[in-house]
Amino acid sequence: MASKDGSSKFYSAFSLAAALGAAAVAKKGLNTSWRAATGKNPPANPADPDVGLGEAVMWAAVSGTLIGVARMLATRRAATYYAKSTGHLPPQLKKDGQDADKAPAPQS
């Protein structure tokens, strides 16, 4: 078994590769879907004043959301694979204190 530092570096590289791959696949699918839905290519640069504001906002919202979700799903899958392979979560994914039973009581 690799050292803790070595396995941590492996997880970092593995999750980065998974996130980048997922983002590339999501972007390709998003570009194809955008062309099918609008009949034109997605904006190359939504900040360009020649791109309509509505189109720029829609592209930014849709692409940001879908690519972000794809990256998150890929890194979760990488963490699951790592945990199954090593028997523990990667050091970067320690519990974050979001357990409902440990949350502070609401103030009245």
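Summary table below
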| quantity | calculated |
| --- | --- |
| Unmet requirement for Ser15, which otherwise passes all of (1) more than 20 Å from the chain's Cα centre (by Cα); (2) within 29 Å of Lys94 (Cα to Cα) | (1) |
| Matching residues, the range 1-51, being of a type in the set (Phe, Trp, Tyr) and modelled with pLDDT of 90 or more | Trp34 |
| Criterion violated by Ser63 - all others in (1) loosely packed, with under 15 Cβ neighbours inside 10 Å; (2) closer than 12 Å to Leu30 by Cβ satisfied | (1) |
| Qualifying residue in the range 65-87 (condition: among the small types (Gly, Ala, Ser) and touching a Leu at 6+ places or on another chain (Cβ under 6 Å)) | yes |
| Any hit, the range 77-90, residues being modelled with pLDDT of 90 or more, under 20 Å from Lys28 (Cα atoms), within 19 Å of the chain's Cα centre (by Cα) and of a type outside the set (Asp, Glu) | no |
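The values are calculated or read from the model by the stated rules, or taken from the named source; none is laboratory data. This one's a predicted model, so the numbers in the text were calculated from it and none came from an experiment. Cβ: placed from backbone, ideal geometry, glycine included. Neighbour counts: every protein chain shown.
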